[in-house]
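What follows is calculated from the coordinates using simple rules that are stated; it is not laboratory data. Since the model is a prediction, treat every value here as computed from it, not as a measurement.
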Amino acid sequence: MLPSGLSFDENKNVQIDILNSVKEIPYFFRIGLNRKYPRLNFTFDSQCIKTKFEFELYINGLDSEECKIDIRIIENGFNVSTNNANWTKIFDPDFSPTLAFDANQVFFKLETISIRPFDTCEFNNTLEIPKDQFVLQFNPKKVSEDCVKAVVIIPKIDVPNGIKVLIDPLKVNQNSLPPPDIYSTSTMLMPTDNSTVLLPKDNSDELISIPSNNSTATSLIPWWWFLIAVM
């Protein structure tokens, strides 16, 4: 039901498997209007670090060279390039950075509390993406077969009203529903507008449909559904 590279952890944070992601299939998140973009927390296994894993990141459907965020693992840290500029070395022996975003900057935050800003393009949503959505694209570039864990975590605390994830209705079946200890699967409402919201078990015991006149439900892939992870 969820995109193949996406899941929720035991704390209901969103997890994205970079290794199981492709640039051509974006991740759509509905965070609400006038909200700050959530942080992205990265973690890599020892083999990804050893083999110097590299990937590209794109925000809000802006996939031009000047909007690309290129990240490469190197010895004791990372090389980072934005705006198609030269590489900048970031010292991070823990290999666990956090990325935060402003209107036209990305901030590389480390465990040592140091923060390094990088200029990039304006992150304004494209015309095809509603302003209440946050879209991520990952393009793994240098991947060794020994590298098995390269994960991004979106903390649920960064989206106060809950984060909604677009899901594919064609993949919804009893076997693909989330674990019952995290999400309820007792009731499935099938509205004609193909927009459905799944609420976690501790808030509701059923699926509730989103009204078809909700103008913000439109996206690049209008036939996907919404999954809510509520605080």
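For T126 and N34, compute 0.36 nm times the residue count separating them, minus their Cα-Cα distance, and round to one decimal in nm.
31.6 nm
Give, in nm to one decimal, the length gained when the segment between V143 and N20 is fully stretched (0.36 nm per residue of separation minus the Cα-Cα distance).
That pair, V143 and N20, stretches by 43.2 nm at full extension.
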